[in-house]
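**Student:** Got a structure for you, questions after.
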Amino acid sequence: MVRVSGGSVVWDQSQEDWFGAVNHLARITPWLHTPARVYAQLGVGAFAGLLLLSWWLARGDGDLRRVAAALWAPIGMLLAIGINQYLVAAFAEPRPYTVLPHSLVLVSRSSDYSFPSDHAVMAGAVAAGIWIAHRVLGLITAALAVLMAWTRVYVGAHFPLDVAVGLLVGAGVVLVSYALVRPLARHVVELLERTRVRVLVTAL
């Protein structure tokens, strides 16, 4: 691929080599283009559904500790995405198709920066949040998060390190933030359990 001069790419040559390998795979697997494109763009909806499922399972068990974790998961995700905006602006890494204009791109081109990936941050945050509340569902979500990260590279939207760091940022923010707010979150859930909106925290 021909590289154009311009913005700075984190781990420059290695990143471009890794991206080139995945982009080559995309060129020789046209049968995978549609499912990869659909998941890369619309897979966010699946993570929203998993957040709801995590809350529903915790609520059904009547375990207020798990309910507190399940309710914090979407809040932690939004916090992670918000923090990521500062990282994206600080690194200002161009998109792969800006640096490597002959890349195969399967999604609409965006003018915003690439590192870390917002989609990967979201996926990593949701996976970590659900894992706190429900271990098995959390592992399933983690696998889907890795798949989301991979498809974002496959469709040409990100470099590999963009999504790898994104997953770590998302998961890290949720885990650290919940450790800090856990006593308060549990206290709030216990208070709600004694009110008319107790149906939000327990089905028992």
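The values are calculated or read from the model by the stated rules, or taken from the named source; none is laboratory data. These numbers come from a predicted model, not from an experiment. Here the Cβ positions follow ideal geometry from the backbone for every residue, glycine too, while neighbour counts run over all protein chains shown. Areas reflect the complete protein model, heavy atoms only, side chains present, ligands, DNA and RNA absent. Shrake-Rupley method; radii C 1.70, N 1.55, O 1.52, S 1.80 Å.
**Student:** Could you sort 108-114, 154-160 so that the peptide with the highest average Cβ count within 10 Å comes first and the rest follow in order?
**Tutor:** The peptides rank, most packed first, as 154-160, 108-114.
**Student:** Now, a different point. Sorted by accessible area with a 1.4 angstrom probe, largest first, how do Asp162, Asp118 fall?
**Tutor:** Asp118, Asp162
**Student:** Mind listing the phi-derived Karplus ³J(HN,Hα) values for the range 40-53, rounded to whole Hz, using 6.51, -1.76 and 1.60 with θ = phi - 60°, and x for any glycine or proline?
**Tutor:** Karplus-based 3J(HN,Hα) across the range 40-53 equals 4, 9, 10, x, 4, x, 5, 5, 5, x, 5, 4, 5, 4 Hz.
**Student:** Full-extension gain between Trp18 and Leu78, please, as 0.36 nm times their residue separation minus the C-alpha to C-alpha distance.
**Tutor:** Extra length available between Trp18 and Leu78 comes to 18.6 nm.
**Student:** Please work out whether the range 12-101 counts as rounded, prolate or oblate from its C-alpha gyration tensor, where a ≥ b ≥ c are the square roots of the eigenvalues and a/c under 1.5 means rounded, while otherwise a/b larger than b/c means prolate and anything else oblate?
**Tutor:** Oblate is the answer for the range 12-101, as a/c is 1.5 or above yet b/c matches or exceeds a/b.
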